[in-house]
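The values are calculated or read from the model by the stated rules, or taken from the named source; none is laboratory data. The structure presented is a predicted model; accordingly, all values stated were derived computationally and were not measured. Positions of Cβ are backbone-derived with ideal geometry, glycine not excepted, and every protein chain shown enters the neighbour counts. Quick note on the areas: whole protein, heavy atoms, side chains included, nothing else; ligands and nucleic acids left out. Shrake-Rupley method; radii C 1.70, N 1.55, O 1.52, S 1.80 Å.
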Amino acid sequence: MSEKLLEVKNLHVSYGAIKAIKGIDLYVNKGEVVTILGANGAGKTTTLRTISGLLKSSEGSITFDGKEITQVPAHDIVSLGMSHSPEGRRVFGTLSVEENLLMGAYTLKKHDKETLNWIYKILPRLQERKMQLAGTLSGGEQQMLAIGRAIMSKPKLLILDEPSLGLAPVLVKVIFKAIRDISESGVTVLLVEQNAKAALKLANRGYVLELGKITHEGSSEELLNSETIQEAYLGKKK
Amino acid sequence: MDIFLQQLVNGLTIGSLYALVALGYTMVYGVMKLINFAHGDLVALSAFVGLTIYTQVFGEGITSLIAVITVFMFTAAVIAVVGVLLERLAYRPLRTAPRLSAVVSALGAGLVIQNAIMLIWGPNMMIFPSNLFPSTIWNFNGIVITFTQLMILGLSSVLMVGLYFFINRTKMGTAIRATAIDQDAAKLMGINVNKIIMIIFIIGSSLGAVAGLFIGIYYRGVTFDMGWMYGLNAFVAAIIGGIGNIPGAMFGGLMLGLFNALISGYISSSWAETFTFVLLIVVLIFRPTGILGEKVAEKV
């Protein structure tokens, strides 16, 4: 029953002469929530940007939903059913909240009214502010918008890069609740997070990325109980 | 008072032309952060292409509404194709290069187009036939409006209102605005940025083509190097309005046209150019992002 939706094999990515990703393998099964943990500069964002086609890999392959997408440009990957909510939210500041959401559905002939209403249901703040310019929203609201915008295309796989970065704890809860709702609606989620504990609680499995290589992988319980992970990412002392 | 009203009419006419050309600069800048210095030469090219289509295909003697519409449509199409080729050949290879490289490439492309016009049509001034539009003149208590002026004002207004609605009310227009804000984020929405840039060049070049034809019809004489002067004025108009801002380009164009006409009417037409740049400097000192400015809604 565990069908692979996304499979990354031996991925290498370089910025000029600097190798950022040095041969990583990972996969995400249909319906799973998978998280990638790692310190700043470990290569998490680079990995995600390469998967969604914004960066080109120098070696390796990426397969999505049975299709090789290593050479497919970013804008074509969206219509295959992958959606990427980037680090730093990147909402369109001078577009209204609703226009931002409609841009999320750009690949669909007509945006899905049900999806839009569902987003307004799980993130009601967006409905209250739908006519407001996205740039005038608070950081947490912008993050809600970035996530809502990413699911407007009705993706099979939702990629989230640091959704809780810089948010107040109360908003972190709202965001994680929304991710859980999205996952429960049947969307597969690949999540990069610096809040390792919250991410592992939500995820089925996790990978730990260090300096461009995967050093640990396993189920969330395994990672939560591993001493090395606890020390390095969960802030527990021996 | 008569001079004032007459110059108001003349100024709005020239201003509409500046605005049409300025839109090409501002749209390309908005999406690519590039000043397309070859844009003025596309405007000049349009006048020559239109003149050739008119004289070769229809023959100078014939005027009909269909002939004029055909000339406008075909010329706009030709210039749109040249604009798209310009982007492919001169700008796309430099998309990730430093900004200055693309600007130099733009200046070079402008020179190529200018010289191509000179090689094809010769270095001498060519004269537009006077019979494209009826020579009807309306006289309101000494204030004269020609049919050509009315056409310029009318068609430019229609095009500008149409563009405004396209950019602000349609899905494609919203995608253009989104691409102008953040190209990577736009790609993640599934927007093909290359296609958006192509559309920008098609629209900008077509508007420039309409302006080029009107310049030919209104002023009659066209020269291979006239793109420089009209381009520069329109570029100044785009900056005055706020480069990257579409209503700004329209406003800047009309304002510069009026300003030029009033200087010509009350001081001297030979001073108009000088005052254009005085106005530019004054605007830049007091409003560095232009009068309407770049639209900003970023929360820090």
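Of all the listed residues (B:THR174, B:THR179), the sole one being open to solvent by 10 Å² or more (accessible area, probe 1.4 Å) and either within 10 Å of chain A (Cβ to nearest Cβ) or not in a helix (DSSP H, G or I) (or both) is B:THR174. Could you tell me whether any residue of segment B:32-39 is β-branched (Val, Ile, Thr) and either in contact with a helix residue (DSSP H, G or I) (Cβ under 8 Å, 6 or more places away or on another chain) or closer than 30 Å to B:PRO134 by Cβ (or both)? Within segment B:32-39 (the criterion being β-branched (Val, Ile, Thr) and either in contact with a helix residue (DSSP H, G or I) (Cβ under 8 Å, 6 or more places away or on another chain) or closer than 30 Å to B:PRO134 by Cβ (or both)), the answer is yes, since at least one residue qualifies.
Listed by first and then second residue, the pairs linking a residue in segment B:118-143 that is more than 28 Å from B:ILE69 (Cβ to Cβ) to a residue that is modelled with pLDDT of 95 or more and not in a helix (DSSP H, G or I), with Cβ atoms under 7 Å apart and 6 or more places separating them unless they lie on different chains, are B:MET118/B:PHE224; B:PRO123/B:PHE224. Restricting attention to segment A:115-125, which residues are surrounded by fewer than 18 Cβ atoms within 10 Å (Cβ to Cβ) and of a type in the set (S, T, N, Q)? Correct list: A:ASN117 only. Screening B:MET160, B:MET151 for residues that are open to solvent by 60 Å² or more (accessible area, probe 1.4 Å) and under 17 Å from the mean Cα position of the chain (by Cα) leaves exactly one candidate, B:MET151. Name the one entry in B:VAL84, B:VAL103 that is open to solvent by less than 60 Å² (accessible area, probe 1.4 Å), at pLDDT below 95 and either over 17 Å from B:LEU34 (Cβ atoms) or assigned to a helix (DSSP H, G or I) (or both). So the residue among B:VAL84, B:VAL103 that is open to solvent by less than 60 Å² (accessible area, probe 1.4 Å), at pLDDT below 95 and either over 17 Å from B:LEU34 (Cβ atoms) or assigned to a helix (DSSP H, G or I) (or both) is B:VAL103. Among the residues of segment A:117-136, those identified as away from chain B (no Cβ under 14 Å) and either under 22 Å from the mean Cα position of the chain (by Cα) or in a helix (DSSP H, G or I) (or both) are A:ASN117, A:TRP118, A:ILE119, A:TYR120, A:LYS121, A:ILE122, A:LEU123, A:PRO124, A:ARG125, A:LEU126, A:GLN127, A:GLU128. Within segment B:1-12, being open to solvent by less than 10 Å² (accessible area, probe 1.4 Å) and touching a strand residue (DSSP E or B) at 6+ places or on another chain (Cβ under 9 Å) holds for no residue. Kindly indicate whether A:ILE21 is assigned to a strand (DSSP E or B), away from every other protein chain (no Cβ under 14 Å) and touching a residue at least 60 places away in the same chain (Cβ under 8 Å). Criteria met by A:ILE21.
Among the criteria (1) open to solvent by less than 50 Å² (accessible area, probe 1.4 Å); (2) modelled with pLDDT of 90 or more, the one B:LEU132 does not fulfil is (2). Quick one: would you say B:THR26 is over 20 Å from the mean Cα position of the chain (by Cα) and either surrounded by fewer than 15 Cβ atoms within 10 Å (Cβ to Cβ) or at negative phi (or both)? Spelling it out, it is not the case that B:THR26 is over 20 Å from the mean Cα position of the chain (by Cα) and either surrounded by fewer than 15 Cβ atoms within 10 Å (Cβ to Cβ) or at negative phi (or both).
Candidates in segment A:102-114 are the residues that are open to solvent by 20 Å² or more (accessible area, probe 1.4 Å) and either away from chain B (no Cβ under 14 Å) or not hydrophobic (A, V, I, L, M, F, W, C) (or both); of these, the one that is farthest from A:GLY140 (Cα to Cα) is A:LYS109. The set of residues from segment A:73-101 being part of a helix (DSSP H, G or I) and facing chain B (nearest Cβ under 7 Å) comprises A:ALA74, A:HIS75, A:VAL78, A:SER79, A:GLU99.
Mind checking which residues of segment B:47-80 are in a helix (DSSP H, G or I) and surrounded by fewer than 13 Cβ atoms within 10 Å (Cβ to Cβ)? Matches in segment B:47-80: B:GLN56, B:VAL57, B:LEU65, B:ILE66, B:ILE69.
Within segment B:190-201, which residues are farther than 17 Å from B:GLY24 by Cβ, touching a helix residue (DSSP H, G or I) at 6+ places or on another chain (Cβ under 6 Å) and either basic (Lys, Arg) or touching a residue at least 12 places away in the same chain (Cβ under 8 Å) (or both)? Those that are farther than 17 Å from B:GLY24 by Cβ, touching a helix residue (DSSP H, G or I) at 6+ places or on another chain (Cβ under 6 Å) and either basic (Lys, Arg) or touching a residue at least 12 places away in the same chain (Cβ under 8 Å) (or both): B:ILE191, B:VAL193. Here B:ILE217 passes the criteria (1) within 24 Å of B:PHE166 (Cβ to Cβ); (2) in contact (Cβ under 8 Å) with a residue 60 or more places away in the chain; (3) β-branched (Val, Ile, Thr) except the one numbered (1).
Among the residues making up segment B:252-263, those that are open to solvent by 40 Å² or more (accessible area, probe 1.4 Å) and more than 13 Å from the chain's Cα centre (by Cα) are B:MET255, B:LEU258, B:PHE259, B:LEU262.
Can you tell me which of A:LYS213, A:LYS177 is out of contact with any strand residue (DSSP E or B) (no Cβ under 7 Å at 6 or more places or on another chain), among the basic types (Lys, Arg) and at pLDDT 95 or above? Criteria check complete, one pass: A:LYS177. Note on segment B:227-251: residues that are open to solvent by 20 Å² or more (accessible area, probe 1.4 Å), on the phi < 0 side of the Ramachandran plot and not hydroxyl-bearing (Ser, Thr, Tyr) total 11. In segment A:43-53, the qualifying residues are those that are part of a loop (DSSP other than H, G, I, E, B) and farther than 15 Å from A:LEU191 by Cβ, and the one that is modelled with the highest pLDDT is A:GLY53. Of the residues making up segment B:185-205, those that are open to solvent by less than 40 Å² (accessible area, probe 1.4 Å) and either within 11 Å of another protein chain (Cβ to nearest Cβ) or of a type in the set (Lys, Arg) (or both) number 8.
Meeting the requirement of 3 or more residues that are open to solvent by less than 10 Å² (accessible area, probe 1.4 Å), the helices (runs of 4 or more DSSP H) wholly within segment A:137-238 are A:139-151, A:169-184, A:196-202. Among the helices (runs of 4 or more DSSP H) confined to segment B:201-300, the ones with at least 1 residues that are within 24 Å of B:ARG177 (Cβ to Cβ) and aromatic (Phe, Trp, Tyr) are located at B:226-241, B:246-266.
Within this structure, B:ILE215 fails the test of being over 25 Å from A:ALA134 (Cβ atoms) and open to solvent by 20 Å² or more (accessible area, probe 1.4 Å).
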